Structures are given as structure tokens and as C-alpha cells.
1. Considering every residue within the range 471-484, establish whether at least one is part of a strand (DSSP E or B) and under 28 Å from the mean Cα position of the chain (by Cα).
2. Just to check your reading of the model, which residue among Leu489, Leu496 is open to solvent by 40 Å² or more (accessible area, probe 1.4 Å) and touching a residue at least 60 places away in the same chain (Cβ under 8 Å)?
3. Output the strands (runs of 3 or more DSSP E) that fall wholly within the range 37-156 and possess 3 or more residues being within 30 Å of Glu214 (Cβ to Cβ) and in contact with a Phe, Trp or Tyr (Cβ under 7 Å, 6 or more places away or on another chain), or say none.
4. Of the residues that sit in the range 540-557 and are within 13 Å of ligand 2 (Cβ to nearest atom) and part of a loop (DSSP other than H, G, I, E, B), which one is modelled with the highest pLDDT?
5. Does the range 132-153 include one or more residues that are under 35 Å from the mean Cα position of the chain (by Cα), modelled with pLDDT of 90 or more and open to solvent by 50 Å² or more (accessible area, probe 1.4 Å)?
6. So Lys531 fits all but one of (1) modelled with pLDDT of 90 or more; (2) over 24 Å from His614 (Cα atoms); what number is the exception?
7. Hey, among the residues in the range 568-593 that are under 22 Å from Gln499 (Cα atoms) and open to solvent by less than 10 Å² (accessible area, probe 1.4 Å), which one's farthest from ligand 2 (Cβ to nearest atom)?
8. So Ala561 clears everything in (1) modelled with pLDDT under 90; (2) within 16 Å of ligand 2 (Cβ to nearest atom); (3) of a type in the set (Gly, Ala, Ser) except one condition, right? Which one?
Amino acid sequence: MPEFLETPIEYLKGVGPSKADALKLDLGIFTFGDLLKHYPFRYVDRSKIYRVSEIDPDFAFVQVRGQFVGMGMVGEGRGKRFVAEFSDGENSLEAVWFQGASWIANKIFPNKTYVLFGKPNLFGKTLNMAHPEVMLWEDFKKEQVAGLQPVYSTTEKLKKKSLDSRGIQKLVYNLISDSFFQAPEYLPPQLIADLKMMNRKEMYRHVHFPSDEEQNRKAVFRVKFEEFFFTQLRMLQVKGLRKQAYKGIAFPRIGEYFNGFYQNHLPFELTEAQKRVVKEIRADMGSGKQMNRLLQGDVGSGKTIVAFLCMLIAIDNDCQASLMAPTEILATQHYEGIRELAEPLGIEIGLLTGSTPKSERKKLFEALKSGELKILIGTHALIEDTVQFQRLGLAVIDEQHRFGVQQRAKLWTKDAEVPHVLVMTATPIPRTLSMTIYGDLDVSIINELPVGRKPISTSHRLESSRLRVYGFMKEQIALGRQVYVVYPLIEESEKLDYQNLMDGYEHMLQEFPRPQYEVSIVHGRMRSDDKEAEMQRFKQGVTQIMVATSVIEVGVNVPNASVMVIESAEKFGLSQLHQLRGRVGRGSEQSYCILMSGNKLSREARMRLDAMVHTNNGFEIAELDLKLRGPGDIDGLKQSGLSTLKLADLSKDGEILRMSRISAEKLISEDPALLKPEHQPLSVQLKKNFKGSDWSRVS
Ligand code: ADP
Ligand code: MG
């Protein structure tokens, strides 16, 4: 016999075949359990019954008890309505229906006592309620409506089948008051005791029909906790299993490549943070277990040199290394930077992108197979089946958020030996998110910029200051600096964006005429070799101004560029603005970021721009971004299983997430495979929750 909560929804009292179909189709409710997980999105307090004289029309909802003392149709045409006078014995108000008049007229009777529930309005001097909920006082008492009442989301189609919020409430009530209702506990008794949680059955009861606010708070806590807890458990389990299953290549040696470079060729003193991170990675790669590590560091914090040092460790241990970047421009830039670093060591490096010619490819593949080529840098092209390393020891992935988890996995699944994986991201991620999206990875953080960097000065300017902004750009160019001017790119209106960009470019050509100035342009519609050529011209200082879309968002490195002008800055997200700003401030000169916007700004846009002006700290920006935007469109969330959160909210429930993480860690460290008898129900539930999702190959 299936568990009670797995009973198909059509077996519930009050649900016929037609309602069942609608529930399945519209709300994805197939079983009793699904219905219980259709949580209310808010509650209304129905503990109080008001006297008419107490009602303030500003109240959101009120309920009054009394009798109908007169009723009838009023008005003509579109103003035609059914009005019933409702008296509490002393004063009265009007209940008004614009639709369904005959239905309601047949439903209410004089001399019977009702409870009206709805939003009060003042119409002239008369208090009224449009389309109130009407309930017989007897039923009100019987159904225990008093107290906090759940409000459920529903759809138009369901409403037509009497499944409005109230209708759904009735179903949930039928379920919970069913004498067979049971919700077997699956959380370990110890955990429940430690966190003083209510049991599962109480949880369902008080999340839907709380007896008071305190019980409701406890129930909601447990729902949120569970939503996080299962994902955390799953991640930690996957991480543990992976560590067991894949031995990983031990890198015991720190040899002449690493030491030689470190002692003789390091172009600058590493920051303390860089040193610490290199140590963490070195220890991890030396452990004999496969490394899966996320390297977080704000733009310009110097992740590339860290990656390079790690590659040298791989090479010291007779392995090869790869670096994958999300775009061709970035791959090329990495290639050039790393080639320069590797040059004095005599290490051979290759570049593989979509536009690498066939003959070149053939040579690359041969050198790769023979082990002659030590480092291969490239785009997605790296994960094609034709790419065979002799022995890949370290796979570095830059700007992870652009790659899917599957792609991460693909990098190594084709080899028998599993390389260490280092994922680098310049998008600082709030702790709550990194715990979830990257919960299966270890994390290293570079939380310090190289010395001598002056903080970028950011300002917000309106259209009226445009000429002054140009004047400032000219001053900077006269000092030998270079300038980016960036236009928004929004996919839905690609044509329009392109038009804006081209108009802007024309405008720049007029304001900054030849021969005194040279202006570059890069955008998504250009062929990649043209793009590349333009980037090079800017990099070499042939052009002073680079007009671009957010194509240049990630990673481009031109230390001489000191001004970033962002047009229509209000159209960019906060993280994106911060990324763009990171393109300047890479040299020792004072750098500037100028946010241009229209006069009319939404409250949120203003908060974004203000935040940019007030802080340079990527982690602060990321936290605020999460608060403003919510986690909805952050890549990687889907794979993490967290897109299914119902009550928990990553931007608000960070503390509960933290607790769930700690509890999950404790549990997994005591019983990694959840084999102890008291963990059996949990283990079964965990498998149910993640049925069909293949996580085992992540990273
Ligand atoms: P990101 O973390 O954004 O990838 P990069 O690795 O591109 O940053 O480094 C940004 C710039 O800072 C580069 O020009 C790099 O050479 C330089 N850099 C990195 N580390 C240091 C350091 N410790 N001292 C001085 N300059 C550094
Ligand atoms: Mg970088």
C-alpha cells in the first residue's frame, strides 16, 4: 500500500476527476503530499470579528458578523449591481456584487447569521465591501475559520471549478483532518531535538492552519530548513562519494618549473591572499584526492597568476594543464598572457578555439597526444571529443558562471584519470549562494587587491552633464590614458541595442574626430577575427576609445585604460556594472567609472547606481544584488536543485541555510552513507527527492 501522502489526489474528499485534472495541470498537484506542499503564500488574521463602527476603510481585510436586512438590484447598464445591506445589530454596511447577482441572491437569506469577510471601502459616506466572502456563522464555527487563515495561489481555471484560495483551503483541511492522515518522520531524532523542531505532521498542520503565530513560525522554519537541508545533504554526499570514487592524481612534487618561476620570473610580489590560495590549492592537489575547487576573487585580484602557478605544479608532476575561457577574446587574451609568463621557462603552449584552422588543429592534437604541448588554452572547443591529452592533470575553468555544470563534467569524463579542477570566477557570490550552487566544491577566496591599486572613483551623471563628461575623457586621453564607452545589450531588443550602439559610435566619431582621436568598436555582430583585430588596436594604444557592448564584460585586460563610461547604466544589473567597472583600475593610475543615466529612475535602479558609487567591494555588491534581484536568474541554480524552493528564499533565509549546512555536515561526517538505522528514513527520502537527477558526475 502506498504511503498516505503518495495517494493520488483524486482520492481526496472533495476532488472529482475534473478538479483533479485541473490541479494536476495548473498546479502540478498529483498526490496528497503535493497538495500539502502547496503552501500558503500569506495569512490573514481572522481571529477578530469587527463591529461595523470599528471599521477603518484603510484596513486590508475585516470580518463582520450580522444579518442581511435588505437587498436588491441597483443601477443600470454597466453600473448595474446587486446590493445587500448587512447589519451587525447597531450599524450596517453594504455588500456589493457586480457579477453573479442571481447566484448570490439565492444564497443569502434574511434572519440567518453570517460572517462577511472582505476589503472595506468607503463609498461616499457608506461603508461597503465588494464581493465579500459570505459564510454562515454556524459553518464559520464548525470549520474553525477563526485565527490565521492561509491564502493560496491559484489560477483562473481553478477558480472556475470553485478552487479559489478558499476552495483549496477546504481541500487541505479535508486532508489534514482525515483520520488516516499521517506524515512519518524522516529527520533524525537527534536533529529534531537539537533544533527543537516540531515533528513533520505538526509542521504541515501549522503551516496551513496555524493555531497561533508562534506555531506558524516554527512550522515555516522547519519547511525552509528542510528545503535547504536536503540539497545540502545531497551535495555533501556527492562530494564525498566523488572523493572516494576518483582517486585523483597526486602531485607530490614541487619541482623546477614552479620553483624556477617563483624565484626568478615572478613579475611582481604576490599578495598575501594569492600566496594563501596557492598554498590551499597545492595542498589539495598533493593529497591524492581529486580537487574540485572554486577560486573566487574580485576583478583584478590576480587569479591568472595563481592559475598559472598551479599549472606549473601539474607540469612538475609530468602532467598537462588546460584553461577554458567562455569567449574567444578571453581565451586569446589568456593565451597571450600565459605565453609571456611561460616563455622564459621554455614551456610549450597552445591555443584552441572555434576558429583555429584545421592544419593548426592537427598539429596541436599531435603535440598534445605526445605530451610535448604542456598547456592548452581555449574555448568550448577544448571539450570536443577529438581533443586528447597525453595526461591532463589540471583543468582550469575561467568565469564558471558561463559554463554549465555538464560542461565542467565533460572536461574529464573522457579521461580514465581524473584531473584536478579549478573553477575561477570573478563574480563574487554571496556566501549563501556559493554554499548552494557550489556546495559540492571547496572554496578559495582572494580577498585582497594587489598593492598600489587606487580604488576606482565612481560617479553617476545625467544627460545634462554629457559635455562635461566628454571634456573629462579628453583630459584623460591627453594624459595618455584610454577610455571604454559601453552600451547595454538586451537580447529582446537586439536590433534597437545595435542601433543605439551605432548611433553612439557615430556620435563619438564626431565628438572625438580624427586625426587627433581614434575610436574602436566591438560588438556581437562582428566576425571574431575583426573583433580580435579591434581589441588589439585598442590594446596597443592605436585607438584611445573603445565603444562596445557588454561583450567586453568579462576579463579583458588593458591596464592603460583608466575611464569606463557606461551608457544607460540603469539598464544594467548590479553585478554586471561591477564587472564592467573592473575593466579599469588595472594599472597604477587613478581610474574612473562614470555611470550615465536618464533623469527618471526606478527606485531599484537608483539603489543600484548608488551602491556602485558608494562601494568598490564586490562581495557587498553581490549581497545587495541578491537582495534586489532575488536569486531567480542566477545561472547554476537550476542544477543545484534550489530552483524548487517553495518557501525558503535565498536572499532572506541565509541564516537558516547556514544552519542546514552545519547540520548536514555534522550528519555526513558521522555517517557518510547514511547507513545507521536511525538515518534510514532520511536516506530513503533523500533518494526520493532527487530521483532522476544525475548529480554523480558534477565536476
Ligand atoms: P583577475 O583576477 O581579474 O583575472 P588578473 O589575473 O587578470 O585578474 O590580474 C589583473 C592584473 O593585475 C594583471 O595585469 C596582473 O598582471 C596584475 N597582478 C596580479 N597579481 C598582482 C600582484 N600581486 N601585484 C601586482 N600586480 C598583479
Ligand atoms: Mg581574469
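1. Checked the range 471-484: no residue is part of a strand (DSSP E or B) and under 28 Å from the mean Cα position of the chain (by Cα).
2. Answer to the selection: Leu489.
3. The qualifying strands (runs of 3 or more DSSP E) are 62-74, 114-118, 148-151.
4. Among residues in the range 540-557 that are within 13 Å of ligand 2 (Cβ to nearest atom) and part of a loop (DSSP other than H, G, I, E, B), the one modelled with the highest pLDDT is Asn557.
5. Yes, some residue in the range 132-153 is under 35 Å from the mean Cα position of the chain (by Cα), modelled with pLDDT of 90 or more and open to solvent by 50 Å² or more (accessible area, probe 1.4 Å).
6. Only one criterion in (1) modelled with pLDDT of 90 or more; (2) over 24 Å from His614 (Cα atoms) is unmet by Lys531, namely (1).
7. Ala569
8. Going through the list (1) modelled with pLDDT under 90; (2) within 16 Å of ligand 2 (Cβ to nearest atom); (3) of a type in the set (Gly, Ala, Ser), Ala561 breaks only (1).
The values are calculated or read from the model by the stated rules, or taken from the named source; none is laboratory data. What you see is a predicted model, and the numbers here were worked out from it, not measured in a lab. Virtual Cβ from ideal backbone geometry, glycine too; neighbours counted across all protein chains shown. Just so you know, the surface numbers come from the protein's heavy atoms only, side chains and all, with ligands and any DNA or RNA stripped out. Shrake-Rupley method; radii C 1.70, N 1.55, O 1.52, S 1.80 Å.
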